[in-house]
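**Student:** If you scroll down you'll find the structure; I have some questions about it.
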Amino acid sequence: QQPVQSPQAVILREGEDAVINCSSSKALYSVHWYRQKHGEAPVFLMILLKGGEQKGHDKISASFNEKKQQSSLYLTASQLSYSGTYFCGTVHMDSNYQLIWGAGTKLIIKP
Amino acid sequence: KAGVTQTPRYLIKTRGQQVTLSCSPISGHRSVSWYQQTPGQGLQFLFEYFSETQRNKGNFPGRFSGRQFSNSRSEMNVSTLELGDSALYLCASSFQGREYEQYFGPGTRLTVT
């Protein structure tokens, strides 16, 4: 089952914070976050594993709530370069390590 | 190190025809996955190949097929094209054991008329 991402789109001013959520109805083994800029290929951001800790680099971090089967991506003090569509991919406990992708969250950062 | 390359970048075909897309992974990557991306459906997994064997397959009809060669290069074929097959087809490669970190190619934009 495809994970549900929310919101579908968000518009921010440079410097504001954003949170993007990714929820699954099935038990998760891992959650993967990618960003795709317009006209470009998706780029890997980070992976969160079941039982793992919150990850992040620079001002982008993410958490994994095993009870809720949900991951959240946090973008703090957003920069213009953060604009793009953010996809979460999930791997379920009973799958053959097959990534299932969310529909994406479009993030627009305005100066 | 060269990135993932896909050829051709753009393709226009007529309904009923068939098409073959090519993907060359990053050197050393043995896993290659294919995705279909459309505005309405997002990223849809087609299949994954590792060491010339299909390891995973998504929910696509049999018209979609693929293969991988001994040098890890991969091809996907779509037969009897339909208008709904118009999409961006992305190929991604990864290291063995790090399949979660996929490196995507620029994609092939297929338009079926």
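**Student:** If packing is taken as the mean number of other Cβ atoms within 10 Å per residue, what is the order of A:27-36, A:64-73, B:54-63, highest first?
**Tutor:** Result, highest mean first: A:27-36, A:64-73, B:54-63.
**Student:** Then there's this: Using only Cα atoms, figure out Rg for chain B and give it as a multiple of 2.2 N^0.38 Å.
**Tutor:** 0.99
**Student:** Calculated FRET efficiency, A:Leu49 and B:Thr53, Cβ-Cβ r, R0 35 Å, to nearest 0.05?
**Tutor:** For R0 = 35 Å, the calculated efficiency reads 0.85.
**Student:** Can you pull the mean other chain C-beta count within 10 Å for peptide A:81-94?
**Tutor:** The per-residue average across the peptide is 1.
**Student:** Quick one: Kirkwood hydrodynamic radius for chain A, alpha-carbon pairs, angstrom, one decimal?
**Tutor:** For chain A, the Kirkwood estimate is 13.9 Å.
**Student:** Next question. Could you give log10 I(q)/I(0) at q = 0.12, 0.15 Å⁻¹ for the protein assembly as shown, computed by the Debye formula over C-alpha point scatterers of equal weight, without solvent?
**Tutor:** For the protein assembly as shown at q = 0.12, 0.15 Å⁻¹, log10 I(q)/I(0) is -0.65, -1.00.
**Student:** Convex hull over the Cα atoms of the range B:62-113, averaged projected area in nm²?
**Tutor:** Mean shadow area of the hull around the Cα atoms is 4.5 nm².
**Student:** Dipole of chain A (Lys/Arg Cβ +1, Asp/Glu Cβ -1, origin at the Cα centre): which of A:Pro3, A:His92, A:Val43 lies farthest to the positive side?
**Tutor:** The Cα lying farthest towards the positive end belongs to A:Pro3.
**Student:** Based on other C-beta atoms within 10 Å, arrange A:Leu49, B:Leu21 from fewest to most. Mind showing how you got there, number by number?
**Tutor:** On the way: A:Leu49 15, B:Leu21 20.
Going from least to most buried by this count: A:Leu49, B:Leu21.
**Student:** How much length, in nm to one decimal, is gained on full extension between B:Thr111 and B:Ser27, taken as 0.36 nm per residue of separation minus their Cα-Cα distance?
**Tutor:** 27.3 nm
**Student:** Within 10 Å of each Cβ in peptide B:28-37, how many partner chain Cβ atoms are there on average? Round it to a whole number, please.
**Tutor:** Details: counts 0, 0, 0, 0, 0, 2, 0, 3, 0, 6.
Taking all residues of B:28-37 together, the mean is 1.
**Student:** Sort A:Glu16, B:Glu99 by Cβ crowding within 10 Å, fewest neighbours at the top.
**Tutor:** Result, fewest neighbours first: A:Glu16, B:Glu99.
Only the coordinates and a few stated rules stand behind these numbers; no lab work does. These numbers were taken from a predicted model, which means no experiment stands behind them. Positions of Cβ are generated from backbone atoms using ideal geometry, with glycine treated the same way; all protein chains shown enter the neighbour counts.
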